[in-house]
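Contents: one structure, followed by commentary.
We did not get these values from a lab; they are worked out from the coordinates using the rules stated. This one's a predicted model, so the numbers in the text were calculated from it and none came from an experiment.
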Amino acid sequence: MKRKTQTKPEPIAPEILESARRSIAPERGKAPVKCVVCGAETPSGAAEPLCWVCRRLKISAWRDVEQQMPAQE
């Protein structure tokens, strides 16, 4: 059985690397946003300041309420 020859990866253009660095750089300077419920770090671009755990709990609570509403009518 023959081994495959390994090829060297192609070099990435410096313009692409610089644009990637610039797209990440603004996020580094910002202080991390804290979750309003538990205080954990949250994504900086999120509409609500909730961590992923609290966001999931909120979504599941909405689902529970929606399922219980028709039973009460």
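Residues whose amide H lies under 5 Å from that of V37, counting only those 5 or more places away or on a different chain, are C51; hydrogens are built 1.01 Å from N in the peptide plane. With θ taken as phi - 60° and the Karplus curve 6.51 cos²θ - 1.76 cosθ + 1.60 applied, the whole-hertz 3J(HN,Hα) list for region 7-20 is 9, 6, x, 5, x, 8, 4, x, 5, 5, 4, 5, 5, 5 Hz, x standing for glycine and proline.
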